[in-house]
There are 4 protein chains.
Amino acid sequence: MTQEKEFPIVNLISMPENPLKTIYAACRTCYSADYPINIWENATDNEKMLKLVKRVLASGHHSTIEHCQYVFTISGVSRACTHQLVRHRHMSFSQKSQRYVTEKGLFEYITPNTIKKAGFEAEYDEFMNKTAEFYEKMINQGIPAEDARFVLPNAATSSLVASLNLREFIHLANIRLCTNAQHEIRIMVKKMCDLAIEKDSWLAEYLVPKCEALGHCDEIRGCGRKPQKI
Amino acid sequence: MTQEKEFPIVNLISMPENPLKTIYAACRTCYSADYPINIWENATDNEKMLKLVKRVLASGHHSTIEHCQYVFTISGVSRACTHQLVRHRHMSFSQKSQRYVTEKGLFEYITPNTIKKAGFEAEYDEFMNKTAEFYEKMINQGIPAEDARFVLPNAATSSLVASLNLREFIHLANIRLCTNAQHEIRIMVKKMCDLAIEKDSWLAEYLVPKCEALGHCDEIRGCGRKPQKI
Amino acid sequence: MTQEKEFPIVNLISMPENPLKTIYAACRTCYSADYPINIWENATDNEKMLKLVKRVLASGHHSTIEHCQYVFTISGVSRACTHQLVRHRHMSFSQKSQRYVTEKGLFEYITPNTIKKAGFEAEYDEFMNKTAEFYEKMINQGIPAEDARFVLPNAATSSLVASLNLREFIHLANIRLCTNAQHEIRIMVKKMCDLAIEKDSWLAEYLVPKCEALGHCDEIRGCGRKPQKI
Amino acid sequence: MTQEKEFPIVNLISMPENPLKTIYAACRTCYSADYPINIWENATDNEKMLKLVKRVLASGHHSTIEHCQYVFTISGVSRACTHQLVRHRHMSFSQKSQRYVTEKGLFEYITPNTIKKAGFEAEYDEFMNKTAEFYEKMINQGIPAEDARFVLPNAATSSLVASLNLREFIHLANIRLCTNAQHEIRIMVKKMCDLAIEKDSWLAEYLVPKCEALGHCDEIRGCGRKPQKI
């Protein structure tokens with residue numbers, strides 16, 4: 001797969017015009033006698049806004065960041081990866097259906113690095129070709145796509161539109177940037193984070209693996225980045 | 001309350017740049033072999049997009065509209081109203097706290113029309129004045145705001161930043177535009193709907209009371225707009 | 001797979017002692033001056049309880065049935081099926097991990113009826129055997145299970161503990177008992193419904209495909225059970 | 001209010017027959033090749049089950065405890081308290097409606113201790129009496145209950161049936177057992193915890209304020225129970 005080196009393909013297609021200002025207005029509304037529309041309209045001092053937002057987040061008041069939704073398009077991730085991703089129940093997903101979309105020719109698939117390094121790549125590619133042939137044979141004999149796909153492997157890629165608010169985004173980063181996370185989802189989430197941080201650099205402090213937020217590692221096997229809790 | 005005629009105060013402070021295009025990309029992703037970023041970038045024909053989106057919504061596939069979040073500022077609604085509003089668990093809220101914000105002088109409050117029409121307004125206003133005096137007396141004697149507020153009435157207003165995705169928005173409209181809904185929440189939700197429809201007129205078909213969506217009234221007591229289901 | 005005729009394997013391992021009484025207490029609490037504990041303790045007349053509950057459900061007040069949670073164990077369903085199931089975001093899942101559980105010998109898999117009927121079964125079984133051999137070969141060469149599984153097919157089975165409240169249960173039945181739903185998930189949800197109905201026969205009226213609840217079919221292609229909405 | 005010393009009134013009316021066994025089956029399902037129904041049926045060693053469950057919870061894998069739902073009846077809490085409680089969006093609520101239930105005579109209300117200690121109790125009681133008289137007068141003149149209630153204070157009590165799974169229960173305890181939480185909700189949640197711990201003593205370790213779970217205090221103003229994070 002020639003494009004694979006860029007996989008997964010992640011793009012940020014929609015986000016609020018001004019996340020910091022939105023969050024600031026939300027935070028101030030809780031503690032102010034002023035109308036929120038006035039707070040919103042008078043909010044111009046980025047430094048002051050950021051200072052308040054950081055203080056509120058430090059005290060664990062995370063509902064204030066739910067008002068910012070990010071929408072991503074994602075392609076070139078395996079169904080193994082998407083089966084994990086869709087477990088994030090605070091996210092919204094629109095995923096390419098293997099029931100309704102019939103694969104033509106060799107389907108797109110992911111080859112894990114460990115398989116390449118162990119010298120299995122040629123055998124793996126051949127396996128995928130054989131699988132595609134069997135799939136196509138069944139389709140040609142009138143087997144519906146939703147049943148023929150039973151032979152398609154976890155490696156086959158999928159595409160999604162996925163959206164999440166900033167609270168869930170931080171949670172996603174905390175869980176999936178951990179070195180124990182599956183390799184593809186880790187790269188995919190890293191790309192999502194980078195795209196958001198590119199727009200708002202102050203997010204870099206929050207879109208981090210959980211050990212950075214906790215100050216220690218709570219995994220059974222750690223990677224050494226942070227000390228494990230005893 | 002001189003401003004009351006404009007109550008509640010509702011403003012739309014953030015929404016996606018292009019809801020229709022976002023929803024179209026989500027719908028197409030489910031049924032297309034193309035990458036969603038390509039679908040997104042090539043989507044230019046509004047009429048075609050709208051046609052697909054309407055067909056998908058008609059078939060009940062509502063997860064596709066979760067990718068559009070609307071953020072509102074709301075003021076001048078009673079705590080009676082907000083206690084109902086915050087029951088919408090798919091929404092996000094940042095609400096003015098009566099624990100942390102101390103009322104100064106006469107608090108802002110709502111007077112229901114039925115109370116005005118029955119000639120109780122003067123007595124009602126006097127009651128609110130007396131309540132404010134008692135509240136202030138307790139505050140001045142060192143009672144914390146969070147306890148002094150136990151005398152504040154349901155009529156006292158609150159402010160919020162509230163956000164919701166389009167799926168929940170349609171649900172909110174379905175439930176709260178019904179003539180059986182509480183009067184304030186009905187006006188507030190109507191204003192929210194009008195602000196969204198102003199931006200995207202095609203939403204007018206969806207941001208309606210549930211009887212319009214169902215084709216009949218499922219309330220125990222109907223208003224006659226649609227026939228009741230027998 | 002000799003056990004396949006019984007697949008999927010579904011068991012109900014936990015549910016409330018008295019769902020009807022729980023829902024009745026919830027419904028009455030909304031409209032009564034009495035304490036809910038008194039309502040609960042004095043609720044003995046099943047017929048009266050059922051009458052109220054049916055009336056409340058008919059008026060769309062479905063939050064009252066969220067107080068009843070059902071817990072199921074599920075095995076013998078394909079990963080194609082579970083990828084759909086876990087999209088129900090109001091459910092809770094604990095699923096067998098292909099990252100942490102290494103398959104030994106020939107993995108368990110599902111063969112769709114259309115594949116059997118078209119005479120592909122022998123070729124399908126051989127394909128699965130070859131896949132298991134390649135998987136095992138990679139495992140033996142030190143490829144981690146989480147990467148070797150990239151060759152495992154959608155047909156491979158999974159196991160879960162899955163729980164949901166009655167509101168989501170009715171939604172699940174509405175969507176997944178439809179003849180357009182994927183065949184396995186339809187059988188699985190049917191078994192879940194039957195187990196609950198066995199305990200509380202009055203649920204039979206609610207655990208039905210959506211066309212029964214709507215009175216018409218809202219699918220693009222219907223099965224003829226109910227007339228399609230024009 | 002003579003009953004007040006026992007307020008709030010909290011009862012546990014429904015819970016799983018065996019939470020530990022349910023959670024153990026969920027945890028084991030993730031890491032076992034065995035069918036979950038077999039894991040469930042063979043689970044008899046409480047000590048072994050508890051050991052695994054504690055290890056899984058320590059590693060942050062909290063979805064496994066969502067399979068246990070607790071249902072409570074609650075009375076004798078102020079509307080100030082319930083407005084906070086219903087912000088827990090993972091909980092389910094059925095609450096007494098002030099729109100549909102008309103108060104007769106003096107409504108039930110809460111008197112905060114600070115008001116008693118400052119010598120305001122007589123004035124407070126008189127205020128409540130006057131409020132009840134005004135409310136009743138409006139009701140008698142045909143004002144609907146939903147509008148007359150605009151004069152009812154935050155102090156007026158409410159009743160609910162409330163349910164939550166164990167994951168949300170631990171979150172609720174973490175947040176609401178904090179000494180900075182509002183006094184009523186703290187006592188109410190403490191009673192909920194005590195009722196659950198009475199059934200399963202091992203829960204005592206988890207149904208604690210957040211500082212116990214974090215090892216430090218993340219509030220802006222701490223109570224000294226745990227050192228504050230600097």
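Specify whether the C-alpha gyration tensor of chain D places it in the rounded, prolate or oblate class, a ≥ b ≥ c being the square roots of the eigenvalues: rounded for a/c under 1.5, otherwise prolate if a/b is larger than b/c and oblate if not. Note, shape of chain D comes out prolate. In this simple spin-label model, placing a label point 7 Å from the Cα along the Cα-to-Cβ direction at both D:ASP125 and C:ASN38 gives a separation of 2.2 nm. Give the calculated FRET efficiency between B:SER59 and C:HIS61 to the nearest 0.05, with a Förster radius of 22 Å applied to their Cβ-Cβ distance. Efficiency at R0 = 22 Å is approximately 0.25.
Cα convex hull of segment C:103-155: mean projected area in nm², to one decimal?
Mean orientational projected area (segment C:103-155, Cα hull): 3.5 nm².
Chain B's nearest residue to the axis relating it to A, judged by Cβ and reported with the distance in whole Å, is B:GLN69, 2.
Coupling constants for segment C:50-55 follow from the phi torsions by the Karplus curve (6.51 cos²θ - 1.76 cosθ + 1.60, θ = phi - 60°), and in residue order they are 5, 4, 5, 4, 5, 5 Hz; glycine and proline get x.
Comparing mean-square fluctuations of C:ARG79, C:ARG149, C:ARG99 from a GNM of chain C with C-alpha springs under 10 Å, the top value falls on C:ARG99. Can you tell which of A:ILE143, A:ILE170, A:ILE187 shows the greatest fluctuation in a Gaussian network model of chain A with Cα springs below 10 Å? Highest fluctuation among the options: A:ILE143. For A:HIS62, the label point sits 7 Å beyond Cα toward Cβ; its separations from the matching points on the remaining copies run 0.8, 2.7, 2.8 nm, from shortest to longest. Against the criterion of solvent-accessible heavy-atom surface with a 1.4 angstrom probe, C:HIS83, A:HIS216 sort, most first, into A:HIS216, C:HIS83. For B:SER14, the residues whose modelled amide H falls within less than 5 Å of its own, excluding neighbours fewer than 5 places apart on the same chain, are B:VAL71. Estimated from helices alone, the mean residue ellipticity of the protein assembly as shown at 222 nm is -13000 deg cm²/dmol (sum of -39500 (n - 2.57) over DSSP H runs with n ≥ 4, per residue). The C-alpha atoms of chain B define a longest principal axis, and helix B:183-199 lies at about 40 degrees to it.
Local charge for B:LEU106 was computed over the other residues whose Cβ lies under 12 Å away, with Lys and Arg +1 and Asp and Glu -1, and equals -4.
Roughly how tilted is helix D:121-140, in degrees to the nearest 10 and between 0 and 90, from the longest Cα axis of chain D? That works out to roughly 80 degrees. By the rule of a C-alpha distance below 19 Å, with chain neighbours fewer than 8 residues away ignored, the lysines paired with B:LYS130 are B:LYS104, B:LYS116, D:LYS130, D:LYS137. Each distinct pair of alpha carbons in segment D:94-230 adds a 1/r term; the inverse of their mean, the Kirkwood radius, is 17.9 Å.
Can you give the FRET efficiency for D:THR102 and C:LYS199, using 1/(1 + (r/R0)^6), R0 = 45 Å, r = Cβ-Cβ distance, to the nearest 0.05? E between D:THR102 and C:LYS199, to the nearest 0.05, is 0.75. Less than 11 Å Cβ to Cβ from D:ASN18, Lys/Arg counted +1 and Asp/Glu -1: what total charge do the surrounding residues give? Local net charge: 0. For chain C, modelled as a GNM whose springs connect Cα atoms under 10 angstrom apart, the maximal fluctuation among C:GLN69, C:GLN141, C:GLN95 occurs at C:GLN141. A:ILE197 label point (Cα plus 7 Å toward Cβ) to equivalent points in the other copies: 4.2, 4.5, 5.4 nm, shortest first. The portion of the accessible surface of the protein assembly as shown made up by carbon and sulfur, rounded to a whole percent, is 47 (1.4 Å probe; DNA, RNA and ligands excluded). Each copy carries C:GLU17; placing its label point 7 Å along the C-beta direction from Cα gives inter-copy distances of 1.2, 5.8, 5.9 nm, listed from smallest up. Buried area at the D:C interface is about 3300 square angstrom, summed over both chains, from accessible surfaces computed with a 1.4 angstrom probe. Helix B:166-176 axis versus longest C-alpha principal axis of chain B: approximately 50°, rounded to the nearest ten.
Stretching the chain fully between B:HIS90 and B:ARG225 yields a gain of 45.8 nm (0.36 nm per residue, less the alpha carbon separation). For segment B:27-44, the Karplus equation 6.51 cos²θ - 1.76 cosθ + 1.60, evaluated at θ = phi - 60°, returns couplings of 5, 5, 4, 5, 10, 10, 7, 6, 5, x, 5, 5, 4, 4, 6, 8, 7, 9 Hz by residue, with Gly and Pro reported as x. Across segment D:60-68, rounded Karplus estimates of 3J(HN,Hα) from the backbone phi angles (6.51 cos²θ - 1.76 cosθ + 1.60, θ = phi - 60°) give x, 8, 7, 5, 5, 9, 6, 7, 10 Hz, Gly and Pro being marked x.
Here B:LYS48 and A:GLU6 are evaluated by their C-beta separation; at R0 = 22 Å the FRET efficiency comes out at 0.15.
The values are calculated or read from the model by the stated rules, or taken from the named source; none is laboratory data. From a predicted model like this one, the values you see are computed outputs, not experimental measurements. Don't worry about glycine lacking a Cβ; one is built from the backbone with ideal geometry, like all the others, and counts go over all protein chains shown. The area values use the complete protein model at the heavy-atom level, side chains included, leaving out ligands, DNA and RNA. Shrake-Rupley method; radii C 1.70, N 1.55, O 1.52, S 1.80 Å.
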